[in-house]
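Enquirer: The structure follows.
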Amino acid sequence: SSSVHSKGHLYGFHGNTGGINNALRCVEFNTGKVVWSQAGFGIGALILVDRTLVIVSERGELVLAQANPLVYKELARMQVLRGRSWVAPAFANGILYCRNNRGDLAAFDLSPDQ
């Protein structure tokens, strides 16, 4: 999946299907130095919303984490889909959309009013 860039750092997944060393990583953009690595997602997908990484793990867990170049800091985690999920989430008009590879869709209203 594609990585996201924030304030001189890339956040994205390292590894491949069936790999045992798959991890979410934070990498310095200019040097390529791995700043931190967090296992347990499989091969997932992510987007950046403001300063929050919105991650969908390979197993369909929705994870919110700070886009923090110093340390991995998880804010929330919830199982939202079943089956394999390699599809990047989408965020529009306050709604977060998550989809798995079978096409099942979950949507969450994250607008400030809710």
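Enquirer: Using Cα springs under 10 Å in a Gaussian network model of the chain, which residue among 21, 100, 68 shows the largest mean-square fluctuation?
Expert: 21
Enquirer: On to the next question. Put a dot 7 Å past each Cα toward the Cβ at residue 64 and residue 31; how far apart are the dots in nm?
Expert: 3.2 nm
Enquirer: Can you give me the % of accessible surface on the chain that is carbon or sulfur? Probe 1.4 Å, all protein chains present, nothing else counted.
Expert: C and S atoms contribute 51 percent here.
Enquirer: Further, regarding this structure: If the only charges are +1 at each Lys and Arg Cβ and -1 at each Asp and Glu Cβ, what is the size of the charge dipole of segment 5-61 around the Cα centre, to the nearest 20 debye?
Expert: Details: 5 positive and 4 negative charges, 28 e Å.
With only Lys, Arg, Asp and Glu charged at Cβ, the dipole is about 140 debye.
Enquirer: OK, next. Not counting ligands, DNA or RNA, and with a 1.4 Å probe, what is residue 29's accessible surface area in Å² rounded to the nearest 10?
Expert: The accessible area comes out at roughly 110 Å².
Enquirer: Counting Lys and Arg as +1 and Asp and Glu as -1, each charge on the Cβ, what is the dipole of segment 70-114 about the Cα centre in debye, to the nearest 20? Before the final figure, lay out each step's value.
Expert: Working: 6 positive and 4 negative charges, 64 e Å.
Computed about the Cα centre, the dipole is about 300 debye.
Enquirer: Between beta-carbons, use under 14 Å as the cut-off and find the net charge around residue 57, counting Lys and Arg +1, Asp and Glu -1. Don't skip to the answer; put the middle values down first.
Expert: Working: positive: 59, 77, 82, 84, 99; negative: 58, 61, 74.
Net charge around residue 57: +2.
Enquirer: In whole Å, largest first, what are the principal axis extents of the Cα atoms in the chain?
Expert: The principal-axis extents, from largest down, are 38, 35, 19 Å.
Enquirer: Per residue, how much accessible area does the chain have with a 1.4 Å probe, in Å²? Before the final figure, lay out the partial values.
Expert: Working: 6470 Å² over 114 residues.
Per-residue value: 57 Å².
Enquirer: Next question. Give me the net charge for the shell around residue 79: Cβ to Cβ below 12 angstrom, other residues only, Lys and Arg +1, Asp and Glu -1.
Expert: Values: positive: 59, 77, 82; negative: 61.
That sum, taken over residues with Cβ under 12 Å, equals +2.
Enquirer: Taking only Cα atoms and a 10 Å spring cutoff, compute GNM fluctuations for the chain and point out the largest among 57, 85, 37.
Expert: Of the options given, 37 has the highest mean-square fluctuation.
Enquirer: Another question about this same structure. Let me know the charge dipole size of the chain about its Cα centre in debye, to the nearest 20, where only the beta-carbon of Lys, Arg (+1) and Asp, Glu (-1) is charged.
Expert: Here the size comes out at about 280 debye.
The values are calculated or read from the model by the stated rules, or taken from the named source; none is laboratory data. These numbers come from a predicted model, not from an experiment. Backbone-built Cβ (ideal geometry, glycine too); neighbour counts: all protein chains shown. For the accessible areas, the whole protein counts, side chains as well, though only heavy atoms, and no ligand, DNA or RNA atoms are used. Shrake-Rupley method; radii C 1.70, N 1.55, O 1.52, S 1.80 Å.
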